[in-house]
Amino acid sequence: MNFNLRNAVLANVSGSSQEQLENTIIDAIQRNEEKMLPGLGVLFEVYWQHADEQEKQNVLQTLEEGLK
């Protein structure tokens with residue numbers, strides 16, 4: 001069986017409103033389940049692909065500070 005997790009996640013959230021996306025992200029973080037991490041990774045990938053250089057730098061700075 002060939003299952004593409006990225007496509008499954010994208011299909012699941014496609015057409016979601018900002019509120020629905022926020023709820024999905026918050027729920028995934030609050031559940032603290034390993035199985036939710038790939039979905040968050042796909043959402044981050046979508047963000048990264050559409051972010052400008054300033055947004056990317058802000059994210060990198062925030063991550064760097066959060067990981068200290």
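The values are calculated or read from the model by the stated rules, or taken from the named source; none is laboratory data. Keep in mind it's a predicted model, so treat the numbers as computed, not measured. Every residue, glycine among them, receives a Cβ derived from its backbone with ideal geometry; neighbour counts consider all protein chains shown.
Going through the stretch 18-38 one residue at a time, which ones are charged (D, E, K, R) and assigned to a helix (DSSP H, G or I)? Give the steps one after another, and end with the answer.
The initial filter retains those residues of the stretch 18-38 that are charged (D, E, K, R), namely 19, 22, 27, 31, 33-35.
Those that are charged (D, E, K, R) and assigned to a helix (DSSP H, G or I): E19, E22, D27, R31, E34, K35.
Where residues in the stretch 28-68 are of a type in the set (A, V, I, L, M) and touching a residue at least 24 places away in the same chain (Cβ under 8 Å), which of them is nearest to R6 (Cα to Cα)?
Step one: list which residues in the stretch 28-68 are of a type in the set (A, V, I, L, M), which gives 28-29, 36-37, 40, 42-43, 46, 51, 59-60, 63, 67.
So of that shortlist, the ones also touching a residue at least 24 places away in the same chain (Cβ under 8 Å) come out as 42-43, 46.
Details: V42: 6, L43: 9, V46: 10 Å.
If we take residues in the stretch 28-68 being of a type in the set (A, V, I, L, M) and touching a residue at least 24 places away in the same chain (Cβ under 8 Å), then V42 is nearest to R6 (Cα to Cα).
Here is a list: A51, A28, A8. Which entry is at pLDDT 95 or above and surrounded by 11 or more Cβ atoms within 10 Å (Cβ to Cβ)? Outline the logic, then answer.
Working: A28 fails: at pLDDT 95 or above; A8 fails: at pLDDT 95 or above.
None of the others qualify; the one that does is A51.
Go over the candidates G15, G41 one by one and state the one that is out of contact with any Ser or Thr (no Cβ under 7 Å at 6 or more places or on another chain) and part of a loop (DSSP other than H, G, I, E, B).
G15
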